[in-house]
1. Counting only the backbone N, which residues of the stretch 1-45 are under 15 Å from the spot 7 Å out from the Cα of residue 59 toward its beta-carbon?
2. List the pairs from 22/76; 76/99; 47/92; 47/99; 22/92 whose alpha-carbon separation is above 25 Å, in the order I gave them.
3. On full extension of the chain, what length is gained from residue 72 through residue 9, given 0.36 nm per residue of separation minus the C-alpha to C-alpha distance?
4. Would you calculate a helix-derived [θ] at 222 nm for the chain, using -39,500 (n - 2.57) for each DSSP H run of n ≥ 4 and dividing by the full residue count, to the nearest 500?
5. Working from the pairwise distances between different alpha carbons, so that the mean of 1/r is found and then inverted, what is the chain's Kirkwood radius in Å?
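Bear in mind these aren't lab numbers, they're just calculated from the coordinates by the rules spelled out. Owing to the predicted nature of the structure, the values given are computational and were not obtained by experimental measurement. Don't worry about glycine lacking a Cβ; one is built from the backbone with ideal geometry, like all the others, and counts go over all protein chains shown.
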Amino acid sequence: MSLKKELIMDFSLLPNFQVLEKNRIYLATAMGLISGRVPSEEETEDKTNPIMAFAQICHNTTNTYRAELSLSETDKLPGDEGYIFLVDVEIKSQNLTYKMPFMTIFFDQIIGISIGNA
């Protein structure tokens, strides 16, 4: 278990609370500040959304990896292994801003996390 991973996953659930639903996740990385939102359950179940195909690839690959480690689907990956999948992503690095429809960020690349609606 990784405290860092647990905190990131807990913070990523905060926008599910109505009072925080407009908030984005902010991840500090060596590259810069990455912000986005975790897709809602409705979005992840939408088979017509092409972005969710990438989320499904991440999910399937993770399940294959878990099987290789003899872990069940509910078992956590060891250490900082794993990722967070965000949509409506903005990356701010130096004076540049990049926008992407989605991004998979690996836990070992994250330095800090916050939420906000700025």
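1. Those under the cut-off are 38-45.
2. Working: 22/76 28 Å; 76/99 30 Å; 47/92 30 Å; 47/99 23 Å; 22/92 20 Å.
Pairs exceeding 25 Å: 22/76; 76/99; 47/92.
3. Details: separation 63, 0.36 × 63 = 22.68 nm, distance 1.85 nm.
Using 0.36 nm per residue and subtracting the Cα-Cα distance, I get 20.8 nm.
4. Values: 3 runs with 34 residues, N = 118.
Here the helix-only value at 222 nm equals -9000 deg cm²/dmol.
5. Numbers: mean 1/r = 0.0663 Å⁻¹.
After inverting the pairwise mean of 1/r, the radius is 15.1 Å.
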